[in-house]
Amino acid sequence: MDGRIVAKFGGSSLADSSQYKKVKTIVVENPNRKFIVPSAPGRRFKGDHKITDLLYMCHQLSSHGIHFGEVFQLIRERYMEICKGLGLKTPIEEILDEVYDNIHKGASRDYCASRGEYINGILLADFLNMAFVDAAEVIRFDLKGDYDEGRTEKLLSEKLSKLGGVVIPGFYGGDENGNIITFPRGGSDITGSIVANAIDAKLYENWTDVPGFLMVDPNIVENPKPIREITYEELRGLSYMGAPVLHEEAIFPVRKKGIPIQIRNTNKIEDEGSLIVHSRLSKTNLGKITGIAGKKGFTVLSIEKTLMTAEKGFLRKLVSVFESNDIYIEHMPSSIDSISVIVAEDEIKGKIDKIMEEIRIYCKPDRITPYTNMALLAVVGSGMIRTKGISARIFTALYESDINIRMISQGSSELSIIIGVENDDYEKSVKAIYKAFIDYTRYNWKNTNEK
Ligand code: ASP
């Protein structure tokens with residue numbers, strides 16, 4: 001593909017010197033890969049430490065006046081192995097000593113956490129023979145600690161237009177006083193997207209250790225089908241419900257310009273991965289679903305009141321009870337004379353009696369019933385739009401698996417159907433719906449997802 005590519009490499013892609021070598025092969029393979037965004041070294045094997053976690057630990061110990069040298073030693077060894085394994089001349093000991101001293105002198109939590117990406121950026125730039133640009137200089141936060149999009153775009157495009165190949169560490173930036181500020185955990189994905197937007201990239205590649213998005217959680221369905229193409233909107237639907245591969249905020253910067261994101265596997269370069277696009281060119285997904293995601297642990301408050309819709313301000317009063325108790329509402333499906341408010345169990349824990357009491361006072365309902373231990377699952381796909389039979393297929397599959405559906409909600413965009421079931425029925429429901437679209441031998445329908 002012609003045009004500039006931003007390639008972000010996740011922690012496992014840069015976990016040690018042998019992973020670094022794979023990254024170099026990928027970068028040199030395509031001369032358009034000129035903007036490289038690394039994470040901090042991640043886990044090399046199950047149970048291993050992520051450098052970022054160790055850095056947080058050092059900060060925690062140091063801020064309580066506890067010696068953190070042993071933990072820091074683990075960080076030191078990781079970077080030393082990378083340097084040695086690649087034969088780099090970077091003065092790594094000096095860099096590490098400086099970071100150690102700063103943590104010792106009480107550097108901020110964000111500064112400490114960011115050093116994983118910072119050091120990895122310096123090493124990778126050396127290894128790839130590219131320029132190193134400190135994210136603190138080009139990714140700007142305001143003095144309240146909020147990301148400053150306008151300033152960042154200006155700084156990045158000014159700086160990067162002059163450079164041929166650059167490495168910019170992910171996960172952090174800085175304010176104008178030189179304080180380091182980090183994005184949320186996993187935030188190197190966000191940096192990659194910001195850089196792609198600033199340089200008008202043709203493509204934002206996100207290199208990780210998975211084959212891309214799968215139609216369902218592989219812990220529930222064995223060997224599920226990969227999702228080759230997915231729209232930003234569909235991805236919102238899936239990641240909101242817990243399909244983590246890419247940080248959920250990472251689509252926003254590139255979305256404005258419609259820059260596609262490709263998820264690729266550093267350990268399997270031959271895999272095509274998943275492509276996230278603004279809109280599909282073909283209509284081949286008609287009648288298909290893109291994926292199923294979901295989460296357990298919701299509480300539903302069902303509120304009944306005769307002629308509720310005839311009462312002005314009823315919904316406002318109801319919603320304000322949740323707002324004043326600082327609780328996010330996930331969904332609010334309604335029907336005649338009743339409405340359900342769905343919230344995450346963690347949010348409402350310990351507050352449920354108080355909330356019910358306040359609803360009784362402000363909204364004077366006929367009845368409020370709480371249902372706990374609910375799971376929500378989202379069946380997502382732009383191919384359902386104006387397609388008959390999708391919901392018939394979903395609900396028949398659930399019926400045949402003897403699952404009691406507790407709630408159904410379909411947004412007006414027809415992009416997803418959200419279904420509430422009991423926690424215990426969650427896995428069974430996901431399997432049943434997946435089968436209904438993939439395994440047509442069980443059903444009388446055409447296997448639309450196989451085409
Ligand atoms: N290293 C950071 C983390 O572990 C950021 C990232 O990897 O994207 O959260």
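The values are calculated or read from the model by the stated rules, or taken from the named source; none is laboratory data. Just so it is clear, the model here is predicted, and its values are computed rather than measured. Cβ placement follows ideal geometry from the backbone for every residue including glycine, while neighbour counts extend to all protein chains displayed.
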Is there a residue in the stretch 215-237 that is within 16 Å of the ligand (Cβ to nearest atom) and over 19 Å from Arg280 (Cα atoms)?
no
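For residues that are part of a helix (DSSP H, G or I) and farther than 11 Å from Ser193 by Cα, scanning just the stretch 238-261, find the one that is nearest to the ligand (Cβ to nearest atom). So that I can check it myself, show each step before the final result.
Of all residues in the stretch 238-261, those part of a helix (DSSP H, G or I) come to 238-240, 248-255.
With farther than 11 Å from Ser193 by Cα added as a condition, the list becomes 238-240, 248.
Details: Leu238: 19, Ser239: 15, Tyr240: 19, Glu248: 13 Å.
Once the filter is applied, the top-ranked residue is Glu248.
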So, first residue on the phi > 0 side of the Ramachandran plot in the stretch 411-424, second residue surrounded by fewer than 21 Cβ atoms within 10 Å (Cβ to Cβ) and modelled with pLDDT under 95, Cβ within less than 7 Å, six or more apart or across chains; the pairs are Glu414/Ile385
Of the residues that make up the stretch 161-173, is at least one over 23 Å from the mean Cα position of the chain (by Cα), more than 13 Å from the ligand (Cβ to nearest atom) and hydroxyl-bearing (Ser, Thr, Tyr)?
yes
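Please return the ranges of helices (runs of 4 or more DSSP H) entirely within the stretch 135-213 where 1 or more residues are surrounded by 15 or more Cβ atoms within 10 Å (Cβ to Cβ) and free of Cβ contacts under 8 Å to residues at least 40 places away in the same chain. Before the answer, list the steps.
On the way: elements: 135-138, 149-160, 188-198.
The helices (runs of 4 or more DSSP H) meeting that bar are 135-138, 149-160.
Go over the candidates Arg406, Arg360, Arg386 one by one and state the one that is at pLDDT 90 or above and either exposed (fewer than 13 other Cβ atoms within 10 Å of the Cβ) or out of contact with any helix residue (DSSP H, G or I) (no Cβ under 6 Å at 6 or more places or on another chain) (or both).
Details: Arg406 fails: at pLDDT 90 or above; Arg386 fails: at pLDDT 90 or above.
One residue alone meets the criteria, Arg360.
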Within the stretch 181-205, take every residue that is touching a Gly at 6+ places or on another chain (Cβ under 6 Å) and farther than 20 Å from Ala131 by Cβ and give me the one that is farthest from the ligand (Cβ to nearest atom).
Lys202
Val138 passes all but one of the listed conditions (1) over 29 Å from Phe45 (Cβ atoms); (2) touching a Leu at 6+ places or on another chain (Cβ under 7 Å); (3) within 16 Å of the ligand (Cβ to nearest atom); (4) β-branched (Val, Ile, Thr); the exception is number (3)
Specify which of the listed residues (Val71, Val133) is of a type in the set (Val, Ile, Thr) and within 16 Å of the ligand (Cβ to nearest atom).
Val71
Of the criteria (1) outside any loop (DSSP other than H, G, I, E, B); (2) without any contact (Cβ under 8 Å) to a residue 40 or more places away in the chain, which one Ile303 fails
(2)
Subset of the stretch 323-345 [under 26 Å from the mean Cα position of the chain (by Cα) and of a type outside the set (Val, Ile, Thr)]:
Glu323, Asp326, Tyr328, Glu330, His331, Met332, Pro333, Ala344, Glu345
Quick one: in the stretch 14-57, which of the residues that are more than 10 Å from the ligand (Cβ to nearest atom) and of a type in the set (Ser, Thr, Tyr) is nearest to the chain's Cα centre (by Cα)?
Tyr20
Of the conditions (1) in contact with a Phe, Trp or Tyr (Cβ under 7 Å, 6 or more places away or on another chain); (2) in contact (Cβ under 8 Å) with a residue 60 or more places away in the chain, Asp16 fails just one. Which one is it?
(1)
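Those residues that are in contact with a helix residue (DSSP H, G or I) (Cβ under 6 Å, 6 or more places away or on another chain), in contact (Cβ under 8 Å) with a residue 24 or more places away in the chain and in a helix (DSSP H, G or I), I need them from the stretch 55-75; list them, please. Steps first, please.
Initially, the stretch 55-75 is screened for residues in contact with a helix residue (DSSP H, G or I) (Cβ under 6 Å, 6 or more places away or on another chain), giving 55-59, 62, 68, 71-72, 74-75.
Filter again for in contact (Cβ under 8 Å) with a residue 24 or more places away in the chain, leaving 55-56, 58-59, 62, 68, 72, 74-75.
Selection gives Leu55, Tyr56, Cys58, His59, Ser62, Phe72, Leu74, Ile75.
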So, in the stretch 305-322, of the ones that are of a type in the set (D, E, K, R) and surrounded by 15 or more Cβ atoms within 10 Å (Cβ to Cβ), which residue ends up nearest to the chain's Cα centre (by Cα)?
Lys317
